[in-house]
1. Out of region 1-57, which residues are open to solvent by 10 Å² or more (accessible area, probe 1.4 Å) and among the polar types (S, T, N, Q)?
2. Looking only at region 304-333, which residues are in a helix (DSSP H, G or I), open to solvent by less than 40 Å² (accessible area, probe 1.4 Å) and closer than 25 Å to R84 by Cβ?
3. Take V347 and tell me if it is touching a Pro at 6+ places or on another chain (Cβ under 6 Å) and crowded, with 24+ Cβ neighbours inside 10 Å.
4. Determine which single condition P67 fails, assuming it passes every other condition in (1) closer than 28 Å to R45 by Cβ; (2) modelled with pLDDT of 95 or more; (3) of a type outside the set (G, A, S).
5. Out of the residues in region 1-27 that are in a loop (DSSP other than H, G, I, E, B) and of a type in the set (D, E), state the one that is nearest to P67 (Cα to Cα).
6. Here are some conditions: (1) without any contact (Cβ under 8 Å) to a residue 60 or more places away in the chain; (2) hydroxyl-bearing (S, T, Y); (3) in a loop (DSSP other than H, G, I, E, B). T166 meets all but one. Which one does it not meet?
7. Output the qualifying pairs, or none if there are none: Cβ atoms under 6 angstrom, residues six or more apart or on different chains, first residue in region 1-28 and in contact (Cβ under 8 Å) with a residue 60 or more places away in the chain, second residue among the acidic types (D, E) and surrounded by 18 or more Cβ atoms within 10 Å (Cβ to Cβ).
Amino acid sequence: MSVETLRCRVCEAEYPAVASGTCVRCFGPLEPVYDWDEVARVATRERIASGPRSLWRYEALLPSRAPVDAGGGPGWTPLVKAPRLASAIGVGEVLLKLDHTNPTHSFKDRVVGVAAAKAAELGADTLACASTGNLGNAVAARAAASGMRSVVLYPRTVEPEKLLATAVYGGEMYAVRGSYDDCSRLVIELAGELDWAFVNVNLRAYYAEGSKTLAFEICEQLGWELPDAVIAPVASGSLFTKIWQGFEQFRRLGLVEGEPPRIFGGQAQGCSPVASAFADDRPVSPVRPATVAQSLAIGAPADGDLAIATARTSGGAIYSVPEEDVGPNMSLLAGTSGVFGETAAGVTVGALRAAAAAGEIGEDDRVVVLVTGTGLKTPQLVETRPGVEIEADVDELLAGLGVA
């Protein structure tokens, strides 16, 4: 859908729908303003269900027109039951939203897909970003598919697997001697100098809208019903807040009924400015990241205070997960569900465990856990046993199996 106005989520100041992501009055995040009467006319269950098997089936609720390859993704990722994980944690029902099955194996393909479509509408020829890894993968891949130039800035400590998953698409890459927040500062400065589409700066108002589609898909995949709770990782806070907004928008349109889900978040202890502020009931203060969960290592989260407000409004919470638990949580997820999620998933499972231990999620709840990236990009924390080397001899194999 074409939108003509952006509105600040904090002070509600309005701006033209151009390449702008931040309010100049209060520095709050901007978001598109929709014509809800028009949306209600076209966003029916029947029309959505007949759309492409990608996030573009929700085009009426997005700020960009669908690209020509809309049927190829991203989005429409599986929602699968994980009964053994639910039993291990003591929760009634756990479903995993497998966003690691997107084209570059993370949920970032959603937000980049929407931002790239808007960039094309605005006539931009370069996609750029600051990234902790996954976003760079998505930007480089989408630019390659669209015939655009890509430029990615990332901390030089990013996992080598993620660097390879950016470099393979042939874009330009710059390793910054500093944190993600240093990278972010650089792209903000560049955005004032260059006429590029910086997906998480001047296109952030459109980019963030892609996260809502997770909520839309969950409702549709549950038979147009709402879950009781959703567990998500928290980095900038944008994903966390937009999921809640997605559920609320479906309720507003009458596509689902009932109480919205409680939204629970997790941050790794070494970079937990939002979780700490939630626990202390205060505004978010920046921190210097020191965490194994590098995809969540944003020390100055732009939407941190909005994430806290979302957690409180929904009846949820945001937890700090011990660093030493991240790897074992990844293994718990893999060993009980057959799903290998990255470090962010280890944090998310930690938040699920914390909520269950606190009695905030129980045996009567249907809970959706977001798996936002693949563990193949962050395998370093998982302990595995080496295979047993044998001769090509069946008797030796039987002996090793203990059945000789």
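The values are calculated or read from the model by the stated rules, or taken from the named source; none is laboratory data. None of the values given here were measured: they were computed from a predicted structure. Every residue, glycine as well, gets a Cβ built from its backbone with ideal geometry; the counts of neighbours run over all protein chains shown. Areas reflect the complete protein model, heavy atoms only, side chains present, ligands, DNA and RNA absent. Shrake-Rupley method; radii C 1.70, N 1.55, O 1.52, S 1.80 Å.
1. Result: S2, T5, S20, T22, T44, S50.
2. Passing the criteria: V326, G327, N329, M330, L333.
3. yes
4. Unmet condition: (2).
5. Looking at the filtered set, the residue picked out is E4.
6. Going through the list (1) without any contact (Cβ under 8 Å) to a residue 60 or more places away in the chain; (2) hydroxyl-bearing (S, T, Y); (3) in a loop (DSSP other than H, G, I, E, B), T166 breaks only (3).
7. R9/E31
Table: residues versus (1) open to solvent by 10 Å² or more (accessible area, probe 1.4 Å); (2) of a type outside the set (S, T, N, Q).
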site	(1), (2)
F107	yes, yes
G147	yes, yes
R156	yes, yes
V168	yes, yes
G171	yes, yes
S179	yes, no
R185	yes, yes
A197	no, yes
